[in-house]
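Notes to accompany the following structure.
The values are calculated or read from the model by the stated rules, or taken from the named source; none is laboratory data. None of these values were measured; they are calculated from a predicted model. Counting neighbours? That spans all protein chains shown, and the Cβs are built from the backbone with ideal geometry, glycine included. Just so you know, the surface numbers come from the protein's heavy atoms only, side chains and all, with ligands and any DNA or RNA stripped out. Shrake-Rupley method; radii C 1.70, N 1.55, O 1.52, S 1.80 Å.
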Amino acid sequence: MTMRVLAAASEIYPLVKTGGLADVAAALPAALRAERIATRTVVPGYRGVLDALKQAQDVLQVPDLYGGPARVLAASVGALDLFVLDAPHLYVRPGGPYTGPDSRDWPDNGLRFAALARVTADIA
């Protein structure tokens, strides 16, 4: 039997990167694969992440996730196996993953990443 790991990260290289977290989130699956451990990472559906998906399978619908509908897409990008939380009301915004164009934190960041944690727990 192969061990399977479900990881969650707010960023993953090369899809979205603001610092070292993205590098670690991308390197971990490769390191675990070398040990015959299958890894899938749950990431927010930022515009750049969604744009990188060539093919995706809709695997979960959430009618109301903290103020709007959401779905989870299963996809692979390069060597990364992903679940992408497609919740436009939470993640498709101008600016970066944590801040708006004015470099100020989004006021609902706690809610946005609680949604990521909740959906990851639901998948697990």
Original post:
For the chain, which whole-number percentage of the solvent-accessible area (1.4 Å probe, protein heavy atoms only) is attributable to carbon and sulfur atoms?
Top reply: 56 percent
Original post:
In whole Hz, what ³J(HN,Hα) sequence does the stretch 24-39 give by Karplus (6.51, -1.76, 1.60; θ = phi - 60°), x for Gly and Pro?
Top reply: 5, 4, 7, 6, 4, x, 5, 5, 6, 4, 4, 9, 6, 10, 7, 10
Subject >> Sequence of Tyr66, Tyr46, Tyr98, Tyr13 when ordered by accessible area, the most exposed leading, probe 1.4 angstrom >> reply: Tyr13, Tyr66, Tyr98, Tyr46
Original post:
Given just the C-alpha atoms of the stretch 10-124, how large is their convex hull per residue in cubic angstrom?
Top reply: 99 Å³
**OP:** Using only protein heavy atoms and a 1.4 Å probe, report how much of Val16 is accessible, in Å² to the nearest 10.
**Re:** 30 Å²
Subject >> 5 angstrom amide H check on Leu60, placed H, neighbours 5+ away >> reply: Val72
Subject >> Efficiency of FRET between Ala31 and Gln61 - r from beta-carbon atoms, R0 30 angstrom, step 0.05 >> reply: 0.40
**OP:** Would you mind putting 91-97, 78-84 in packing order, based on average other-beta-carbon counts within 10 Å, highest first?
**Re:** 78-84, 91-97
Original post:
According to the Cα gyration tensor, what semi-axes, each the square root of 5 times an eigenvalue, does the equivalent ellipsoid of the stretch 66-119 have, listed from largest to smallest in whole Å?
Top reply: 21, 15, 9
**OP:** May I ask for the angle, rounded to the nearest 10°, between helix 109-123 and the longest principal axis of the chain, with both axes built from Cα atoms and the value confined to 0 to 90°?
**Re:** 30 degrees
**OP:** Please list, in chain and number order, the residues 5+ apart from Ala7 or on another chain whose amide H is under 5 Å from its amide H, with Hs placed from the backbone.
**Re:** Arg40, Thr41, Val42
**OP:** Tell me which residues come under 5 Å, amide H to amide H, from Val77 once H is placed; ignore anything under 5 positions away on its chain.
**Re:** Leu82
Original post:
Fully extended, how many nm does the chain gain between Ser103 and Lys54 (0.36 nm per residue separation, minus their Cα-Cα distance)?
Top reply: 14.6 nm
Subject >> For the chain, with +1 on Lys and Arg beta carbons and -1 on Asp and Glu, the positive-most of Val84, Ala27, Ala114 along the dipole >> reply: Ala27
Subject >> Residue-normalised accessible area of the chain, expressed per residue, 1.4 Å probe, Å² >> reply: 56 Å²
Original post:
Where in the chain lies the longest segment free of trypsin sites (Lys or Arg not before Pro) that are both loop residues by DSSP (not H, G, I, E, B) and have at most 10 other Cβ atoms within 10 Å?
Top reply: 55-103
**OP:** With only Lys, Arg, Asp and Glu charged, each at its Cβ (+1 for the first two, -1 for the last two), find how big the charge dipole of the chain is about the Cα centre; round to the nearest 20 debye.
**Re:** 220 debye
Original post:
Using helices alone, what [θ] at 222 nm do you get for the chain, with -39,500 (n - 2.57) per DSSP H run of 4 or more residues, divided over all residues and rounded to the nearest 500?
Top reply: -9000 deg cm²/dmol
